[in-house]
Amino acid sequence: MANYYDIDDIITQEEFVSVIFQKAAGGVGIDPSSETDSVEVGSKVELPFWLAHELQLRQAVSMNVPACFNQKTRLEIQADSACVDLRSRSPYFYEFGCKIAPLVADRTIGPLLLSAFKSRYKEVLTKAHTAAYPAASKHLTILTKEETHLYEAAQSSMAAFKKWRMGGPRFQRASILGRKRKSNE
Amino acid sequence: MYGRKACQLVKELASAEKGQLTPCNSDLFDQVAAECSQHHLELQSLIRKIQEEGLDVQTTRNADHYGALIHHLSLVRNKRCLVAYVYNRAEIIRSLIWKVGPVLPPEIQEKLNHTEEDYFKKLSTALQAYMSRLDLDLTVDMVPPKDPYIQVRVLDDIGVVLSDDKTTNFARHSMHFLKRTDAEQFISRGLMEELTG
């Protein structure tokens, strides 16, 4: 269980999963196709992960593999993983995958995540050190949250190293005050 | 969908730059709290319905049970989002005292709501009390000093300041050679910058 207050974990759990209800549930308005506010057995509903997960534990629903791990994505990752737009599939592709993998019957999600991350990792780090700014911003739009953190970590550690070597003011305006007057850097 | 507003609230935190404070969205916060009360009412009415049918609430697994379960889970989820929102903001506010000092500049002040201001005030009083008991200022020398004196340039009109036994006029663009501990609070508030040779 991740930290209760972890923002990223909370948002990861908001990803939608399609489930099939094994038990009927009354008095809830979660099935948009239903006219009454109840859910019939066998109806297919898109639920956020936090709800789907708990209901699955109580055998009330069965979970399908979410759309972001479908065959098309797999083929694209196999072809050239570095160019796949994972953010549009899910900004928390890896974290979500790790949560989903033990719950669905599909055993191939784990290896898929691993191979995708391994091959993209190298690309992210190389780009972080070499890419010029305008080119980089285009590349950034296809990275997931995790990869963006990596990218920024790579850049900031390089900047910190340069600063350490050159010397410079060690006292700075508190970053919380915003970037308003951050000029000659 | 249940819990969507609560997640919006948390996303607001996530989309802010790291360590930056966003204005407190008490409007959305109240809406989520209202949603919680709504879930609570529906949960109660479903439980009552089960009881009226003469069934045991503990063991019944009918449609009403699962309905009640969904309301319960949504309630717990909303709670987690709300608590996380408050907690993460409180963490940032707590760090302010070390970064900016006990007096908040107005642009940050306006982002806090009433209880958060109160929290900050109490926190700074507690810290002051502790420091005066130790007889040690803990908020200075956040970066290990190399020299007790530093050269600074004044970026904004600060005016005449009394430090130790003499008064100094910190006019804009003037340069001074100061004790590091005196300059520190001005630099962290963005009123001076350190000059390096």
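The values are calculated or read from the model by the stated rules, or taken from the named source; none is laboratory data. Just so it is clear, the model here is predicted, and its values are computed rather than measured. Heads up, the Cβs are rebuilt from the backbone with ideal geometry, glycines too, and the neighbour counts pull from every protein chain shown. Accessible surface areas use protein heavy atoms only, side chains included; no ligands, DNA or RNA. Shrake-Rupley method; radii C 1.70, N 1.55, O 1.52, S 1.80 Å.
Would you call B:Leu136 open to solvent by less than 80 Å² (accessible area, probe 1.4 Å) and of a type in the set (A, V, I, L, M)?
Details: open to solvent by less than 80 Å² (accessible area, probe 1.4 Å): no; of a type in the set (A, V, I, L, M): yes.
Criteria not met by B:Leu136.
The residues listed here are B:Ile108, B:Ile150, B:Ile93, B:Ile97; of these, the one that is closer than 15 Å to B:Glu194 by Cβ, in contact (Cβ under 8 Å) with a residue 40 or more places away in the chain, of a type in the set (A, V, I, L, M, F, W, C) and surrounded by 13 or more Cβ atoms within 10 Å (Cβ to Cβ) is B:Ile150. Close Cβ contacts (under 9 Å, 6 or more residues apart or on different chains) running from residues in the range B:64-85 that are over 26 Å from B:Ala14 (Cβ atoms) to residues that are among the acidic types (Asp, Glu) and assigned to a helix (DSSP H, G or I) comprise B:Gly67/B:Glu42; B:Ala68/B:Glu42; B:Leu69/A:Glu54; B:His71/B:Glu42. Which members of the range A:67-113 meet the condition of being within 15 Å of the chain's Cα centre (by Cα), hydrophobic (A, V, I, L, M, F, W, C), under 24 Å from A:Leu55 (Cα atoms) and buried (at least 16 other Cβ atoms within 10 Å of the Cβ)? If the condition is that a residue be within 15 Å of the chain's Cα centre (by Cα), hydrophobic (A, V, I, L, M, F, W, C), under 24 Å from A:Leu55 (Cα atoms) and buried (at least 16 other Cβ atoms within 10 Å of the Cβ), then A:Cys68, A:Phe69, A:Phe93, A:Phe96, A:Ile100, A:Ala101, A:Ile109 are the ones that fit.
When the range A:1-21 is limited to residues that are out of contact with any helix residue (DSSP H, G or I) (no Cβ under 7 Å at 6 or more places or on another chain), within 15 Å of A:Val61 (Cβ to Cβ) and more than 10 Å from chain B (Cβ to nearest Cβ), the one that is surrounded by the most Cβ atoms within 10 Å (Cβ to Cβ) turns out to be A:Ser18.
For B:Arg153, state whether it is farther than 30 Å from B:Tyr2 by Cα and assigned by TED's automatic domain parsing to the domain that holds B:Leu13.
Details: farther than 30 Å from B:Tyr2 by Cα: yes; assigned by TED's automatic domain parsing to the domain that holds B:Leu13: no.
Taking the combined requirement at face value, the residue does not satisfy it.
Among the residues of this structure, B:Arg48 does not count as one that is facing chain A (nearest Cβ under 10 Å) and either touching a Leu at 6+ places or on another chain (Cβ under 6 Å) or open to solvent by 70 Å² or more (accessible area, probe 1.4 Å) (or both).
B:Glu193 meets all of the listed conditions (1) open to solvent by less than 60 Å² (accessible area, probe 1.4 Å); (2) more than 10 Å from every other protein chain (Cβ to nearest Cβ); (3) not in a helix (DSSP H, G or I) but one, namely (2).
Among all positions in the range A:45-63, there is no residue which is away from every other protein chain (no Cβ under 14 Å) and within 30 Å of A:Ser137 (Cα to Cα). In the range B:63-78, of all residues being small (Gly, Ala, Ser) and in contact with a strand residue (DSSP E or B) (Cβ under 7 Å, 6 or more places away or on another chain), the one that is nearest to A:Gly27 (Cα to Cα) corresponds to B:Gly67. Among the residues of the range B:61-84, the one identified as exposed (fewer than 15 other Cβ atoms within 10 Å of the Cβ) and at pLDDT below 90 is B:Arg61.
Count of the range A:14-52 residues, restricted to those that are within 25 Å of A:Arg89 (Cα to Cα) and either among the hydrophobic types (A, V, I, L, M, F, W, C) or touching a Leu at 6+ places or on another chain (Cβ under 9 Å) (or both), is 13. Within the bounds of the range A:24-38, is there any residue that is at pLDDT 85 or above, surrounded by 19 or more Cβ atoms within 10 Å (Cβ to Cβ) and more than 16 Å from the chain's Cα centre (by Cα)? Yes, some residue in the range A:24-38 is at pLDDT 85 or above, surrounded by 19 or more Cβ atoms within 10 Å (Cβ to Cβ) and more than 16 Å from the chain's Cα centre (by Cα). Any idea which residue in the range B:169-184 is farthest from the other protein chains (Cβ to nearest Cβ), counting only those that are under 29 Å from B:Thr125 (Cα atoms) and surrounded by fewer than 17 Cβ atoms within 10 Å (Cβ to Cβ)? The qualifying residue farthest from the other protein chains (Cβ to nearest Cβ) is B:Lys179.
Quick one: count up the residues across the range B:51-78 that are within 10 Å of chain A (Cβ to nearest Cβ) and not hydrophobic (A, V, I, L, M, F, W, C).
At the first step, the residues of the range B:51-78 found to be within 10 Å of chain A (Cβ to nearest Cβ) are B:61-74, B:76-77.
Narrowing further to those that are not hydrophobic (A, V, I, L, M, F, W, C): B:61-62, B:64-67, B:71-72, B:74, B:77.
Qualifying residue count for the region: 10.
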